[in-house]
Amino acid sequence: MRNKSYAAINIAGLAVGIAVCMVIFIIIQFQTSFDNFHTKKDRIYRVLTEYHHAETGSVSYGKDLPFPMPLGLKTGFPQIEQVAPVFASHDDQLLLPGDNGVTANEFKEQHGVFFAGPSFFKIFDFPLLAGSYESLKDPNNVLLTKEIAEKYFGDWRTAIGKTIKLRVGGYIFEHGTDVLKVSGILATVPPNTDLQLKIVVAYGTGFTGSYLQKSTDWIQTVPDFGCYILLPPNTDVENFNQQLRGYSQKVESPADKDSHIIQPISAVHYDAEAGNYSNKTISHQLLNVLWLIAAFILLIACVNFVNLSTAQAVNRAKEVGVRKVLGSNKSQLRIQFIVEAFLIVTSAVILAAVITMFALPSVGQLLELSLSFNLLGNPAIIVFLFTATIVVTALAGFYPSIVLSGFNPVNALKSKATANTLKGVSLRRGLVVFQFIIAQALIIGTLIIVRQMDFFMNQPLGFDKDALINVPYRVDSVRIHRMAYLKNQLMTVNGVQAVSFSSNTPVENGNDMWSPVKFNHASKEAGFKAITKFADNEYVPTYKLQLIAGRNLQPAELTREFLVNESLVKSLGLKKPEDILNKEVSIWDDQIKCSVVGVVKDFNDRSFQHDLAPMIISTDVAMYNQAAIKLSTTNMPATIQSVKKIFDQTLPDFVFEYKFLDEKIAGFYKQESQLAALYKIFAAIAIFLSCLGLYGLASFMAVQRIKEVGIRKVLGATTGNIVYLFSKEFIILVAIAFAIATPIAWYYMHQWLQAYAYRINISWWLLAAGGLAAIIIALATISFQAIKAAVANPVKSLRSEQAAEMPFMNIRLQLQFKTERPDVRFCYNTHFKYCIIF
């Protein structure tokens with residue numbers, strides 16, 4: 001209560017630092033808890049495809065598998081306890097039939113529809129509220145989660161026995177509407193799993209029964225088709241992987257060098273390369289960076305405490321002297337000051353808990369994570385708070401307690417203890433430099449991340465993405481016959497400029513089909529795989545792809561000819577695009593053979609994390625699953641409403657949904673955007689804490705140097721001179737911090753950028769901007785105290801200094817002067833210690 005500003009700065013700084021650490025702790029705790037709740041987690045593995053790229057000699061991994069893999073595992077590895085094939089569907093329509101057979105309600109689920117059997121639930125722990133897992137042995141049964149059952153039927157208890165109609169999205173299979181019977185209700189699926197189930201359809205229903213289980217195609221991997229297995233205890237995983245690689249080579253084509261391995265479920269959430277069914281991954285490196293940021297921000301807060309405590313030690317010198325004279329020893333004094341630090345830290349921890357409670361929902365919304373601050377339900381948070389209190393008290397209270405308890409009582413009582421005699425000036429300067437090293441490194445890192453994100457958003461992609469919407473729809477024979485009519489109707493809408501049907505947009509992020517390639521009647525495959533897209537003849541003009549050789553595709557319902565890109569031409573070793581024209585290319589183990597009629601200029605077919613890939617584009621109406629509609633930019637909402645009306649009329653029982661292509665592309669970099677926003681917050685907090693300590697230190701220095709300022713003003717120093725005097729030392733410290741932080745920030749951000757095939761160069765001005773920002777912020781922080789000291793009355797400053805240095809003599813002289821000679825004043829100058837001027 002006696003030192004309100006000192007306590008407020010310390011408590012606020014520590015509270016913000018501890019709150020940041022607590023938020024990061026909760027984020028990391030959530031991210032590292034994925035799928036840990038399964039009782040058999042140590043024995044659960046998923047099967048990955050191991051792609052061998054002959055042209056580069058590299059190896060990559062994917063979660064998608066060929067159709068026969070689950071059956072092959074059952075027959076080839078009888079020691080496996082459970083094999084669970086899984087197909088994750090997307091863009092599915094669900095229809096609720098009414099009493100008279102007419103559809104009563106329609107729903108669209110973009111994600112969460114899984115095809116699986118009872119073996120899936122013998123591996124994973126997803127509790128049932130009602131029904132039976134064994135019902136999934138029979139086709140056309142379905143389990144719903146409690147939330148989905150309530151969404152569809154109002155009360156999950158009444159959902160058992162009801163029927164729903166399912167129209168599966170996607171472009172791989174053509175199958176009609178499946179009528180499903182609700183045979184069970186799953187409990188709420190925890191947020192910390194990559195298997196975000198909403199609807200589980202019996203494996204064997206629809207195409208999974210008629211096609212998947214009967215297919216013998218080992219060549220083609222299917223998007224979102226995977227397999228999980230449960231191994232016996234103490235299985236040698238490395239030995240199993242060797243056996244699985246050998247099995248893959250035995251059952252697959254001799255020309256196919258790809259193989260398969262297993263991956264523990266504990267690694268799935270961290271595997272950005274192979275991905276997972278939630279499309280959310282986080283790397284161990286990123287978690288380590290978050291830990292590092294938390295530690296640095298907490299250190300900045302502790303540095304503030306140390307700086308202010310040692311700086312304030314001069315004001316407590318007499319207190320220490322009196323206590324020592326009255327019999328206190330160093331140990332007692334150190335305990336006293338550590339207890340004081342503990343009280344401040346405890347207050348800061350309580351405030352930090354309040355800050356975290358209010359900040360966590362916003363952070364969770366930003367990162368799209370289910371974060372909660374629950375002291376009773378999460379004992380780890382209590383342990384964290386207790387540990388933080390002890391650690392911060394030790395870090396922040398130990399050194400100041402040594403300094404404060406080490407005063408000589410004689411000097412302290414004579415008021416000869418000053419800031420310069422504490423031998424802490426160099427330490428305080430070093431700590432200020434340390435603070436600004438961290439702050440400037442975060443500023444520079446944030447600027448580079450933001451610049452890279454701007455590069456992603458503004459870099460030419462090689463195709464048109466503006467004012468272009470994609471409307472997904474279900475592939476079936478009825479809709480195939482209505483596509484021509486649908487296109488004609490859409491083109492009559494005022495504001496629609498072009499319409500194209502296709503299996504994919506030009507750029508995808510994990511939904512591509514890859515095919516081995518044979519060229520010009522060769523007996524062997526070319527040694528690389530190409531992305532295969534199916535699209536009509538309007539695909540090239542709608543997306544404004546550039547033809548550099550040959551012609552566009554002709555209108556056709558089946559696959560009759562190919563377009564390829566420049567990368568495929570180069571991969572085949574051809575020098576000019578014209579060299580591939582009229583040459584035959586075959587894909588899918590010679591199932592499709594066509595001549596190449598045109599070459600399109602390379603465009604970015606995936607996110608900027610990847611290089612350009614070889615690509616083939618061809619027609620096949622059975623593979624189209626979306627419409628691309630180019631809109632004019634005038635009165636766009638009305639145009640979209642007209643488009644919706646035509647879809648509703650042409651395709652009954654259709655749930656119209658659309659997405660702008662530029663929004664889809666931005667979604668590829670969602671994690672980078674979220675991290676950029678998070679780093680901006682961390683950088684701002686680091687600057688705030690650094691400036692908080694800088695302000696407190698500047699305030700203390702203004703008080704300690706009040707006599708010097710007075711003397712300088714008496715001798716003719718201007719306000720500008722005084723402000724420069726105060727600012728110079730701090731600016732030098734910030735400049736030193738900049739010189740140290742710049743190479744550190746450059747090195748780590750250079751490493752981060754290597755993850756992207758397309759990246760910016762770290763320009764010198766980005767580094768300079770970070771340093772300039774720190775200097776401006778530091779100047780703004782100390783300017784108030786500097787100006788306040790500069791405009792102070794020097795007479796008052798000198799009187800207060802003289803009173804502090806000669807308390808008893810001054811009292812006697814003042815009394816004498818006041819009673820005997822009112823025209824005499826007392827002064828101090830540089831030539832004499834004291835003088836009396838009449």
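Screening Trp588 against (1) under 23 Å from Asp256 (Cα atoms); (2) surrounded by 15 or more Cβ atoms within 10 Å (Cβ to Cβ); (3) at pLDDT 90 or above leaves a single unmet condition, (3).
Looking across Ser372, Ser347, Ser331, Ser362, one residue alone is of a type outside the set (A, V, I, L, M), open to solvent by 40 Å² or more (accessible area, probe 1.4 Å) and not in a helix (DSSP H, G or I). It is Ser372.
Residues in region 288-312 that are within 24 Å of the chain's Cα centre (by Cα) and open to solvent by 10 Å² or more (accessible area, probe 1.4 Å): Asn288, Val289, Trp291, Leu292, Ile293, Ala295, Phe296, Leu298, Leu299. The set of residues in region 10-45 being buried (at least 20 other Cβ atoms within 10 Å of the Cβ) and either assigned to a loop (DSSP other than H, G, I, E, B) or among the β-branched types (Val, Ile, Thr) (or both) consists of Ile11, Val16, Ile18, Val20, Val23, Ile24, Ile26, Ile27, Phe34, Ile44. Please determine whether any residue of region 103-111 is farther than 30 Å from Leu244 by Cβ, surrounded by fewer than 18 Cβ atoms within 10 Å (Cβ to Cβ), touching a His at 6+ places or on another chain (Cβ under 9 Å) and modelled with pLDDT under 90. For region 103-111, residues farther than 30 Å from Leu244 by Cβ, surrounded by fewer than 18 Cβ atoms within 10 Å (Cβ to Cβ), touching a His at 6+ places or on another chain (Cβ under 9 Å) and modelled with pLDDT under 90: present. Here the strands (runs of 3 or more DSSP E) wholly within region 57-121 that include at least 3 residues being hydrophobic (A, V, I, L, M, F, W, C) are 82-89, 92-97, 113-116. Regarding Leu129, is this residue open to solvent by 30 Å² or more (accessible area, probe 1.4 Å), assigned to a helix (DSSP H, G or I) and in contact (Cβ under 8 Å) with a residue 24 or more places away in the chain? The answer is no for Leu129.
Between Phe384, Phe398, Phe407, the distinction of being modelled with pLDDT under 90 and not in a helix (DSSP H, G or I) belongs to Phe407 only.
Among residues belonging to region 471-485 that are part of a helix (DSSP H, G or I) and open to solvent by less than 20 Å² (accessible area, probe 1.4 Å), point out the one that is modelled with the highest pLDDT. Top of the filtered list is Met483. Comparison of Phe534, Phe562, Phe528 shows that the only residue that is over 25 Å from Leu661 (Cα atoms), in contact (Cβ under 8 Å) with a residue 12 or more places away in the chain and touching a Ser or Thr at 6+ places or on another chain (Cβ under 9 Å) is Phe528. Of all residues in region 140-172, count the ones that are open to solvent by 30 Å² or more (accessible area, probe 1.4 Å), of a type outside the set (A, V, I, L, M, F, W, C), part of a loop (DSSP other than H, G, I, E, B) and out of contact with any Leu (no Cβ under 9 Å at 6 or more places or on another chain). Going through region 140-172 one residue at a time, the tally reaches 3. Can you give me the ranges of the strands (runs of 3 or more DSSP E) entirely in region 563-625 with at least 3 residues that are within 35 Å of the chain's Cα centre (by Cα)? Because the criterion is at least 3 residues that are within 35 Å of the chain's Cα centre (by Cα), the strands (runs of 3 or more DSSP E) in region 563-625 that meet it are 615-618.
Within region 274-287, the set of residues being open to solvent by 10 Å² or more (accessible area, probe 1.4 Å) and polar (S, T, N, Q) comprises Ser278, Asn279, Thr281, Ser283, Gln285.
The values are calculated or read from the model by the stated rules, or taken from the named source; none is laboratory data. This is a predicted model, so every value here is computed, not measured. Cβ coordinates were reconstructed from backbone atoms using ideal geometry, including for glycine residues, and neighbour counts include every protein chain displayed. Heavy atoms of the whole protein, side chains included, go into the accessibility calculation; ligands, DNA and RNA do not. Shrake-Rupley method; radii C 1.70, N 1.55, O 1.52, S 1.80 Å.
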